[in-house]
Each structure stands twice: as structure tokens, then as C-alpha cells.
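For reference, the structure is listed below as C-alpha cells.
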Amino acid sequence: MACACVVDAAALKAALDGCAAADSFDHKTFFKACGLSGKSAEEVKKAFLIIDQDNSGFIEEDELKLFLQNFSASARALTDKETKAFLTAGDSDGDGKIGIEEFALLVKG
């Protein structure tokens with residue numbers, strides 16, 4: 001829920017409503033709808049640090065599954081299909097996780 005401070009509340013609600021149904025999440029659509037894609041590098045880094053729950057410096061698959069809940073506690077978890085697609089889209093070096101640079105590219109993508 002802490003990521004909500006990085007984006008506009010109305011835009012965030014619209015973005016979350018847009019992917020409320022299972023298997024409807026698309027990272028590009030979500031980042032654009034909530035306004036994160038238009039934020040500064042520092043604000044994107046702030047969001048990354050919140051999503052990186054274990055402070056490992058990477059967003060792993062289990063953290064991606066709960067991605068939407070970082071924006072709203074009542075949001076749903078991503079399905080396995082959505083999680084794997086999200087990870088594949090962001091993991092440019094093939095190490096099975098998303099680093100800060102990869103996340104920034106994913107958001108701006």
C-alpha cells in the first residue's frame with residue numbers, strides 16, 4: 001500500500017479497477033494508467049524499494065505475485081500466468097528476478 005504515495009489516488013484506483021479481473025493485468029497498461037511511467041527516476045526507485053519487500057535489491061517472483069497489494073492492501077494477487085509474464089517482461093538478463101535498472105526500463109517501457 002505504500003506505493004500509493006508515489007501516484008495520484010484517482011489514477012491508481014482506475015488502474016487497479018482496470019486489472020481487477022484475474023488474468024487481466026498488463027504491466028504497460030497499469031504503469032501508464034496509474035501514472036508511474038511518467039514519474040521521475042527517483043520516484044520509480046522509491047516504488048521499487050517498496051516492492052522489494054525483502055530488501056534484496058531485486059524483485060523476485062513471490063514479490064511480483066503480490067505486486068498490486070503494494071498499491072492497495074485490498075488488491076488481488078496476480079495469477080501465476082500474470083506473474084510469470086511480468087517476470088519475463090522485466091528480467092532482461094535472465095537471472096529470474098528484476099533489478100532496479102530492469103524495473104525502471106519496465107516502468108518506462
## Note on the structure
In region 70-95, anything farther than 19 Å from V7 by Cα, among the hydrophobic types (A, V, I, L, M, F, W, C) and either open to solvent by 30 Å² or more (accessible area, probe 1.4 Å) or in contact with a strand residue (DSSP E or B) (Cβ under 6 Å, 6 or more places away or on another chain) (or both) is listed as A77, A85, A89
### Query
What pairs can you find where one residue is in region 76-91 and without any contact (Cβ under 8 Å) to a residue 24 or more places away in the chain, the other is outside any loop (DSSP other than H, G, I, E, B) and open to solvent by 10 Å² or more (accessible area, probe 1.4 Å), and their Cβ atoms are less than 8 Å apart, with a gap of 6+ or different chains?
A77/K65; A77/Q69; D80/K65; T83/E61; T83/K65; K84/E61; D91/E102
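Which residues, taken from region 41-69, are in contact (Cβ under 8 Å) with a residue 60 or more places away in the chain and surrounded by fewer than 19 Cβ atoms within 10 Å (Cβ to Cβ)? Give the steps one after another, and end with the answer.
In the first step, residues of region 41-69 are kept if they are in contact (Cβ under 8 Å) with a residue 60 or more places away in the chain; the result is 41, 44, 47, 69.
Scanning region 41-69 gives A41, Q69.
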### Task
Hey, can you tell me all the residues within region 1-35 that are in contact (Cβ under 8 Å) with a residue 40 or more places away in the chain, in contact with a Phe, Trp or Tyr (Cβ under 8 Å, 6 or more places away or on another chain) and within 18 Å of A104 (Cα to Cα)?
C3, A4, V7, H27
### Query
Can you name the residue in region 1-32 that is open to solvent by less than 30 Å² (accessible area, probe 1.4 Å) and not in a helix (DSSP H, G or I) and is also modelled with the lowest pLDDT among such residues?
V7
### Query
Do we have L49 as of a type in the set (A, V, I, L, M, F, W, C) and either in contact with a helix residue (DSSP H, G or I) (Cβ under 8 Å, 6 or more places away or on another chain) or farther than 22 Å from E101 by Cβ (or both) here?
no
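The values are calculated or read from the model by the stated rules, or taken from the named source; none is laboratory data. Just so we're clear, the structure is a prediction, and the values are computed from it rather than from any experiment. Counting neighbours? That spans all protein chains shown, and the Cβs are built from the backbone with ideal geometry, glycine included. Heavy atoms of the whole protein, side chains included, go into the accessibility calculation; ligands, DNA and RNA do not. Shrake-Rupley method; radii C 1.70, N 1.55, O 1.52, S 1.80 Å.
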